[in-house]
Amino acid sequence: MRRARGAKEAALRPADLTPVARDVMKGPASAGLIFASFLAAYLFAVLPWSGRWLLARPDFVLLLLVFWTLHEPRAVGQGMAFALGLLMDVSDSVLLGQHAFAYVVAVYGAQVLRVRIVSFHLPEQTLHVLGLTVVASCVMLLLNLLLGADFPGFGYFVSPVLTALAWAPASAILHSQAVRRRREATP
Amino acid sequence: MIREPPPFFHRGPSPLARLTFFTLAAIAVMIADHRFHALQALRLSLNTFAQPLQQVASMPSQAIARGAEFFTTQDELLRENRELRVKLLEQSAAAQEARLLKAEETHLLAMSPGHSRYADGGVLAEVLYTARNPFTRKVIVDKGLTHGIKAGMPVIDGTGVVGQVTNVGTFTSEVTLVTEKGQSVPVMLVRNGLRAIAVGSGKDGTIEIPFMPASADVQEGDLFVTSGIDGTYPPGLTVAKVSSVEKNSAYMFARIVAYPAAAVDHYRYVLLLPLAPPSPRPETLEEEARKPAKERAPRTRREGGGAAPR
């Protein structure tokens, strides 16, 4: 039984396909996994960060939004980004709408660059994600500067860099989880 | 002839259309929140939804803090106890004097209509965490709507004014510190009664006293207390201690920098004072005055607010 499945998988080896085709052919990730990943990211975000640690806090909610926009574009998109952004605004007690705006812009970038990003390997993907996270941070920074806040220093850009660096481990974990769950689901 | 795509290829509006829509929505939300302070209901409901999750997230660090507290040495406890005893003695004299003044004030208020200008009771709250926002200086405390907290209530600690409640959730509320940029408190110089406004500078935890003429009599080490003319802060609470006065004849105003008197960044418990009642309108005052004394209703000085009887 196991051997038969192995043979079948060997016949349809993902490596023979283009990355885009591989992406199109795979089954959808379960809604439970998407929800659990966002829950974990949110819990991480609302740890009692303060001072320098706050500046360095990686934004896993944004990272997951980008990840799921790339891999599950029909499940996660700008609407979800907006809603989660509002939630982050409330829990970080900042002006309502600024995370929402930044997330929507980043997710739009991910949607437009989707085919391009998924055809790259992890290092190049990380660079693309870095672009998106920096854009999101700049959107929030500009909004706050417009409202009269002071520039918090260049330490502010530690967070988007760390977020992008977390791309490789995060996507490795999520891919393995998604694949495992899919295997379990198919008899 | 252009045909609609079959329904299983139909994917709704294009990303750009969605972006436009959500951008406009975000801008509308920001304007509504910033300009009109609308959307309190949305904030409140989202906050109520997120509250249990935040509590779960803050559990590990709280457990660590409690654990660390448990293992404090006896030596430290003894030292702290001694310090507290000295402080208690120092303050008991002031408290007795205050009690006398309070009695006098009650007596005077009973004779003429008016409200007490001094704070009465308050709600003790624990600081849960610093707001996770690198642009502002706010803390979150563990009392909210269910404890009768209202936006605008002054917040003090043992040594002075910490800030003001700016946002109230169901079980928590947000306190903007006096050092936040643009957060202002009407103050008075203790030494000569000079009135001014203390404004948080937003940098290095300092407070500025803007628009003081260069000729004003302000010296290093002067204490500023709340003047009470705003009707929000009760008078007499220590706000700031002047650390430097720079008088340059090229400018019209002196540059005065002060440090907050309260331990604004490191405290655990704060007191949320009830809002001062709105000052009575002149006509009602006149009416009250015309009534014979025995008909006058005994004044209820504050409604709600959990004021503890003294």
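List of remarks:
- Extension gain, B:Lys87 to B:Phe211, is 41.0 nm, computed as 0.36 nm per intervening residue step minus the present C-alpha separation.
- Panel order for B:Asp230, B:Asp75, B:Asp157, by other beta carbons found within 10 Å of each beta carbon, from fewest to most: B:Asp75, B:Asp230, B:Asp157.
- Within the shell of other residues whose beta carbon sits under 12 angstrom from the beta carbon of B:Ala216, the net charge comes to +2, with Lys and Arg scored +1 and Asp and Glu -1.
- Amide H partners (placed H, <5 Å) of B:Met153, local residues excluded: B:Val165
- Taking a ≥ b ≥ c as the square roots of the eigenvalues of the Cα gyration tensor, the range B:121-276 is classed as prolate, since a/c reaches at least 1.5 and a/b is larger than b/c.
- Taking other C-beta atoms within 10 angstrom as a stand-in for reagent exposure, A:Asp59, B:Asp222, B:Asp142, B:Asp217 fall in the order B:Asp217, B:Asp142, B:Asp222, A:Asp59, fewest first.
- Among the residues of B:146-158, the average count of other protein chain beta-carbon atoms within 10 Å of the residue beta-carbon is 0.
- Neighbouring Cβ atoms from other chains, within 10 Å of the Cβ of residues in A:142-151, number 3 on average.
- For the range B:206-273, the relative contact order works out to 36 percent when only alpha carbon pairs closer than 8 Å and six or more residues apart are counted.
- Backbone phi angles across the range B:222-235, fed through the Karplus curve with coefficients 6.51, -1.76 and 1.60 (θ = phi - 60°), yield HN-Hα couplings of 5, 9, 9, 10, 5, 8, x, 7, 7, x, 10, 8, x, x Hz in residue order; Gly and Pro are listed as x.
- Amide H partners (placed H, <5 Å) of B:Ile197, local residues excluded: B:Val187
- Entries of B:Lys102/B:Lys181; B:Lys138/B:Lys247; B:Lys181/B:Lys247; B:Lys138/B:Lys241; B:Lys102/B:Lys138 with Cα pairs more than 25 Å apart: B:Lys102/B:Lys181; B:Lys138/B:Lys247; B:Lys102/B:Lys138
- Note on B:Met252, A:Met80: ascending count of other Cβ atoms within 10 Å places them as B:Met252, A:Met80, the fewest first.
Each reported figure results from applying straightforward, stated rules to the coordinates on display, with no laboratory input. Just so it is clear, the model here is predicted, and its values are computed rather than measured. Note: ideal-geometry Cβ built from the backbone for every residue, glycine included; neighbour counts use all protein chains shown.
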